[in-house]
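Presented below is the structure to which this report refers.
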Amino acid sequence: MENESQEHFDQLELLLDEQRAANEQHQRNIMERQRLQNTLQNYRDQFEERLKEQIDELTAAREQLRRDLTEQEQVKKELQKDRDQLELHLKEQTAELAAVNEELQEEVSKRRQTQEQFKQQTDELAAVNERLKREIKQREWVENKLREHRDQLEQRLRERRAEVIAANEQLEREIAQLAAANEQFQSEIAERE
């Protein structure tokens, strides 16, 4: 029974180690997600700043177009160039945001799997702990029964020993009485002779 208890304790320790490893992995996943969120926010801020700069440039170009009709064609070309650059930049930013979003989705999926594994391990640990408690209670019950049985045997042994001592004393008294009677009988025989 002691070996079984030790084996359960070893299993419990192993589960606790696995639980600690899962918790550490969970903390790393949370930090990685925070990093990705910060990166996404930086991209968004940069995108908004660049977009504002592009809008300002386009506004300035429109003002220049109104002020100087002679440079209208050149301004149109520059405006088209700016628009092309902005569109390209938007496509690049959209692709980056899509990649970051995909990474975030994968991280969320991994986190869900980690949480499910954590719950399963917690349930298993609780089951092992409950089984171990029952076995400890059963062992205590057996030990108490053995202790009671031992006490009863010791009490019976003491009583039997007292009975043997009393019987021995009684036997010694009877032997002494028989010896005295024998001596008296021998004395009477000697007197008759």
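What follows is calculated from the coordinates using simple rules that are stated; it is not laboratory data. Keep in mind it's a predicted model, so treat the numbers as computed, not measured. Cβ atoms come from the backbone with ideal geometry, glycine included; neighbour counts cover every protein chain shown.
Summary of computed values
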| read-out | value |
| --- | --- |
| Anchor K91: lysines whose Cα lies under 20 Å away (excluding residues fewer than 8 positions away in-chain) | K52, K81 |
| Residues N101 and R67, FRET efficiency given R0 of 41 Å [Cβ-Cβ distance, rounded to 0.05] | 0.45 |
| Three semi-axes of the equivalent ellipsoid, segment 2-192, Cα gyration tensor, whole Å, largest first | 109, 11, 9 |
| Full-extension gain in nm, T94 to I165, via 0.36 nm per residue minus C-alpha separation | 15.1 nm |
| Distance in nm between pseudo-label sites at Q25 and L146 (7 Å out along the Cβ direction from Cα) | 4.2 nm |
| Relative contact order for the chain, counting Cα pairs under 8 Å that sit 6 or more residues apart, in percent | 38 percent |
| Residue with peak Gaussian network fluctuation, the chain [Cα springs, cutoff 10 Å], from N129, N23, N38 | N38 |
| Stretch gain in nm, segment E18-I136, where the contour uses 0.36 nm per residue and the Cα spacing is subtracted | 40.1 nm |
| Lysines whose Cα lies under 19 Å from that of K119, excluding same-chain neighbours fewer than 8 positions away | K110 |
